[in-house]
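None of the figures in this text is laboratory data; all of them are computed from the coordinates on show. Only a predicted model underlies this, so the values are computations on that prediction, with no experimental measurement involved. A quick note on method: Cβ atoms are made from the backbone with ideal geometry, for glycine too, and the neighbour counts reach across all protein chains shown.
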């Protein structure tokens, strides 16, 4: 079991309590979530997500699942009239924000990564951006992603990671001193952003998470560090 399963911020909690608290976090921050992302990353998260969409390279006729898709910013980059796009997220409040101004052709589906409400082998591509560290059972989520992918389907996971050593002190100072204050000022939810910062710290480092993806049955596993390793795009494929 990953270190995330029994924690919420710096507190030790049961997996079910973690799950319930995370639901409350995203219910509370939904109205200002996109604004906070822009402030916390100085807008760079948008460049990371565009890079994910470029690597995903959606094709005509594909079905693409964006897990923990929230307000749909990644889904909107991947959507097109010649493919189907499903956003799956446990927070109906986040998805309600995303539906405003969303293009046609996106289906919004309430569900958790550990129990995706889709049939086996139904998706050509599964993406998840800054959401996998919020699941309660990381191994179960990876198994579910593997299940819903078609043979030969691709998995792309964009997540915060361990920055390169020279920038780590500055990044840590910003994370622990600035982000919770922004959360208090803009989103009125300092505890929520304390949790988000701590969840980044507890998430497996690049090589460890790549190994977890392999253990879930994926092949051609690799990753690409972005912006000095502050974020990382992980890749894997379900065998044919």
Taking a ≥ b ≥ c as the square roots of the eigenvalues of the Cα gyration tensor of the stretch 100-207, is the shape rounded (a/c under 1.5), prolate (a/b larger than b/c) or oblate?
prolate
Matching label for the computed Cα extents along the principal axes in Å, out of (1) 52, 38, 34; (2) 46, 38, 34; (3) 88, 36, 27, is (2)
Among 42-55, 165-178, 118-131, the order from most to least packed when residues are scored by Cβ within 10 Å on average
118-131, 42-55, 165-178
Give the relative contact order (percent, whole number) for the stretch 7-237; include only Cα pairs under 8 Å separated by 6+ residues.
20
Using alpha-carbon coordinates, inclination of helix 206-215 to the longest axis of the chain, degrees
40
Take the Cβ-Cβ distance between residue 219 and residue 184 as r, set R0 to 35 Å, and report the resulting FRET efficiency rounded to the nearest 0.05.
0.20
With only helices counted (DSSP H, runs n ≥ 4, each -39500 (n - 2.57)), the per-residue ellipticity at 222 nm for the chain, to the nearest 500, works out to -11500 deg cm²/dmol
Roughly how tilted is helix 15-29, in degrees to the nearest 10 and between 0 and 90, from the longest Cα axis of the chain?
80
If I fit a long axis through the Cα atoms of helix 44-56 and take the longest principal axis of the Cα atoms of the chain, what angle between them do I get, 0 to 90°, rounded to 10?
20
Give me the distance between the Cα centres of the stretch 83-106 and the stretch 115-157, rounded to whole Å.
17
Say a paramagnetic label sat at a point 7 Å from the Cα of residue 205, along Cα to Cβ; which residues of the stretch 219-240 have their backbone N under 19 Å from it?
222-235
Sorted on mean Cβ neighbours within 10 Å (highest first), peptides 57-67, 91-101 come out as 57-67, 91-101
